[in-house]
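Some notes on the structure that comes next.
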Amino acid sequence: MSNNLKGNPVEGFAEKSREAAVEGIVLLKNEGNVLPLTEDDKISVFGRPMIEYYRSGTGSGGAVNVEYTTNILDGFENSNLNFNKTIVEDYKEWLKDHPFDNGGGGWACEPWFQKDMEITAEYAKEQAQSTNKAIYIIGRTAGEDKDNANWVGSYLLTDEEKENLKNITEAFENVCIVLNVSNIIDLKWINDEQFKGHIKSVVIVWQGGMEGGNSVADVLSGKVTPSGKLPDTIAYNMEDYPANDNFGNELTNLYKEDIYVGYRYFETFAPEKVQFEFGFGLSYTTFDIETVSADADDEKITLEVKVTNTGDKFSGKEVVQVYYEAPQGALGQPARQLCAYEKTENLAPGQSQTLKIAFDINGIASYDDSGVTGNKSCYVLEAGDYNFHVGNSVKNNKLAYTYKIEELKVTEQLSEAACPNDDNLTLMKPGKRKEDGTYEIIYVPSQKPTVDMAKRIEENLPKNMEVTGDVGITLQDVKAGKNTIEEFVAQLQFQN
């Protein structure tokens, strides 16, 4: 009997896809509780992605075929939301003369964005006469062989998008931005004076797959309360990211930031450059997070954290995040490192849940590639206090437990894997701690190879094995212990 399901939809897949997309949607801003939208709201939806929704990025992932794709307009039509049909029909007519640009259909040829319909000041004001809230959807793609770039239409808004936003925010006091993107983009403009403070809400819906449009409507309508958290740091400028100066050369890219990537860099050296921090994500309700107990043995640390929905209207989920601050020691360490997280069940107003979060102590060890701790090519736990902080983002957390290591502990002995290295490469490391708790940046020489890999490989090659030819030994015989794997392999013939 064949179990080949290729080409056939797997039972329950669509429902799981919708659920996964909902769980990942991140609410970044929600002034005046503009969201969720209600049945009493009358909504004007602008933006080409309402119809031409990005369900996935480019490359191999984008080439996945699905039975159908639900766009955002479909999601609105399947919901109880009251939206402006005139705009929808205008977009449909406009798209007839402005078809989707696939860049010619070649690999990674599709542009990062699609031209949007012009929203004039007069058009926006006309729609505002019959509706009280506006949604503007901004779409971007990126992916394999089509990396996001610090260009207009990719990381940055286009002039057309800025003009549309200016006219929409002139006409509407309550504007929600929906980001149908595969990666983070520049967001410092959401507080730009030209938009008059009318951008009240911002939500990243990412690219939600075949059921993504329904997922967007689920969250915007309040059918589901958002519970996603940022997997990235959104800084104010591209230039604020430490990799910006080291990446993009056609011939050489230097990994000078070492382990100080993303939030590890910003929390250690430049927290003031962060607009939305790693792990951040709002809800339609509020939560209290309390560490009620902490315990440790020689192998693991266990925290019991009580989460209570302190709101009075919406149910919701919260993500408890545990970060640790290791002693600087000889290796140097980020100010915060994520070591565990867990999401609650859906909690009704006033309801609580106590999460038991456990993690291995050896899992927070650091690798010493140079031997600066006296233990080259080892994972080590340096002596000192390891402070564990519990909260719901890398910034919003508080000290919950301190674990003390009296003397350096080697958790794993490995061996050096040499690779080519730029003789002048230096790596980022914390220097002197400043009064505000951040660290000065210093650079130290990178570890240079000390082993001859070719010689090591040659010395560790397996011994020559006499070819016996097929004598009837099977893998089942090896599994049963009747023969060795070497005896099985000796049956194989050389092929020229």
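The values are calculated or read from the model by the stated rules, or taken from the named source; none is laboratory data. From a predicted model like this one, the values you see are computed outputs, not experimental measurements. No Cβ is skipped: glycine too gets one built from the backbone with ideal geometry, and neighbour counts run over all protein chains shown.
Quick one: is residue 418 modelled with pLDDT of 95 or more and touching a Ser or Thr at 6+ places or on another chain (Cβ under 9 Å)?
No.
Could you list, in sequence order, all residues of segment 53-73 that are in contact (Cβ under 8 Å) with a residue 40 or more places away in the chain, among the polar types (S, T, N, Q) and surrounded by fewer than 20 Cβ atoms within 10 Å (Cβ to Cβ)?
60, 69
Filter segment 130-152 down to the residues that are surrounded by fewer than 18 Cβ atoms within 10 Å (Cβ to Cβ), modelled with pLDDT of 95 or more and among the small types (Gly, Ala, Ser) and list them by number.
Within segment 130-152, just 130 meets the criteria.
From the list 137, 177, 184, which residue is assigned to a strand (DSSP E or B) and under 18 Å from residue 56 (Cβ atoms)?
Sole residue among the options that is assigned to a strand (DSSP E or B) and under 18 Å from residue 56 (Cβ atoms): 137.
For segment 325-346, give me each residue that is part of a strand (DSSP E or B) and either of a type in the set (Val, Ile, Thr) or over 14 Å from residue 279 (Cβ atoms) (or both).
Hit for segment 325-346 is 325, nothing else.
For segment 383-401, give me each residue that is part of a strand (DSSP E or B) and in contact (Cβ under 8 Å) with a residue 40 or more places away in the chain.
Once the filter is applied, which keeps residues that are part of a strand (DSSP E or B) and in contact (Cβ under 8 Å) with a residue 40 or more places away in the chain, segment 383-401 yields 384, 385, 386, 387, 388, 389, 390, 391, 397, 400, 401.
Go through (1) out of contact with any Lys or Arg (no Cβ under 8 Å at 6 or more places or on another chain); (2) assigned to a helix (DSSP H, G or I) and name the single condition residue 267 misses.
Checking residue 267 against (1) out of contact with any Lys or Arg (no Cβ under 8 Å at 6 or more places or on another chain); (2) assigned to a helix (DSSP H, G or I), the one that fails is (1).
Residues checked against (1) at pLDDT below 95; (2) more than 30 Å from residue 255 (Cβ to Cβ); (3) in contact with a His (Cβ under 9 Å, 6 or more places away or on another chain); (4) in the same structural domain as residue 331 (by TED's automatic domain parsing):
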residue	(1), (2), (3), (4)
424	yes, no, no, no
429	no, no, no, no
439	no, no, no, no
442	no, no, no, no
450	yes, no, no, no
474	no, yes, no, no
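Return a yes/no flag: does segment 95-110 have any residue that is touching a Ser or Thr at 6+ places or on another chain (Cβ under 8 Å) and not aliphatic (A, V, I, L, M).
Yes, segment 95-110 has at least one match.
Any residue that is of a type in the set (Gly, Ala, Ser), in contact with a strand residue (DSSP E or B) (Cβ under 6 Å, 6 or more places away or on another chain) and surrounded by 10 or more Cβ atoms within 10 Å (Cβ to Cβ) - is there at least one of those in segment 425-440?
Yes, the conditions are met somewhere in segment 425-440.
Please count how many residues of segment 159-192 are hydroxyl-bearing (Ser, Thr, Tyr) and within 24 Å of the chain's Cα centre (by Cα).
Residues flagged as hydroxyl-bearing (Ser, Thr, Tyr) and within 24 Å of the chain's Cα centre (by Cα) within segment 159-192 amount to 1.
Just a yes or no: is a residue in segment 278-287 more than 19 Å from the chain's Cα centre (by Cα), part of a strand (DSSP E or B) and at negative phi?
For segment 278-287, residues more than 19 Å from the chain's Cα centre (by Cα), part of a strand (DSSP E or B) and at negative phi: present.
Return the only residue of 228, 248, 262 being on the phi > 0 side of the Ramachandran plot and crowded, with 17+ Cβ neighbours inside 10 Å.
Residue meeting the stated conditions: 262.
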